[in-house]
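Worksheet for the structure shown next.
Just so it is clear, none of the values below were taken in a lab; they were calculated from the coordinates. In this text, all values refer to a predicted model and were calculated from it rather than measured experimentally. Positions of Cβ are generated from backbone atoms using ideal geometry, with glycine treated the same way; all protein chains shown enter the neighbour counts.
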């Protein structure tokens, strides 16, 4: 793995059904309603019935004083199980949501395997790698909390 590559893994256990979690995660255009770090989602291209081929532009705020914007093309969808996309732009790589039932709860895993492309991030990535990882964890924790609140509203 190069100094500009990150493989970040986030895991959550949510007190909700896989179906309910899937419904919320599979509607990224609504993420800004509940995920504070997601500032804007623009649909650039619609996908097929499963969403494969859709292209979204996402603008994220972070725990640090910078924003990231990238496009995400949905590459794989396995209903109630997996959503995988390819990111291009200020980050490049793969993002993959994986859901599975654990009794009455839902286990959520997010794999984010990306390279940074912003010139300052590339130059400083070997030094700032722990800071970028910390930042990612903060953004994802904001998402977990927002998702829990969103799921509570849906019930």
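Results, tabulated for the structure shown:
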quantity	calculated
Candidates 121, 72, 140: whichever shows maximal mean-square fluctuation once the chain is modelled as a Gaussian network with Cα springs under 10 Å	121
Over segment 1-87 - Rg/Rh using Cα atoms and the Kirkwood inverse-distance radius	0.97
Sites residue 141 and residue 88, calculated FRET efficiency, Cβ-Cβ separation with R0 30 Å, nearest 0.05	0.70
Estimated inter-spin distance, residue 127 and residue 33, nm [label 7 Å along Cα→Cβ]	4.3 nm
Modelled label reach - residue 57, point 7 Å along Cα→Cβ, segment 22-44 residues with backbone N closer than 15 Å	39-44
Convex hull volume of the chain per residue (C-alpha atoms, cubic angstrom)	104 Å³
Mean separation of Cα contacts under 8 Å, 6 or more apart, over the residue count of the chain: relative contact order %	28 percent
Computed over segment 53-96, Kirkwood Rh from alpha-carbon pairs, angstrom	11.2 Å
Normalised contact order of segment 18-90, rounded percent, pairs of Cα under 8 Å and 6 or more residues apart	22 percent
For segment 67-151, projected area of the alpha-carbon convex hull averaged over all directions, nm²	6.5 nm²
Förster radius 25 Å - calculated FRET efficiency between residue 149 and residue 7 (Cβ-Cβ, nearest 0.05)	0.30
Extension gain, residue 15 back to residue 67 (0.36 nm per residue minus Cα-Cα distance, nm)	15.6 nm
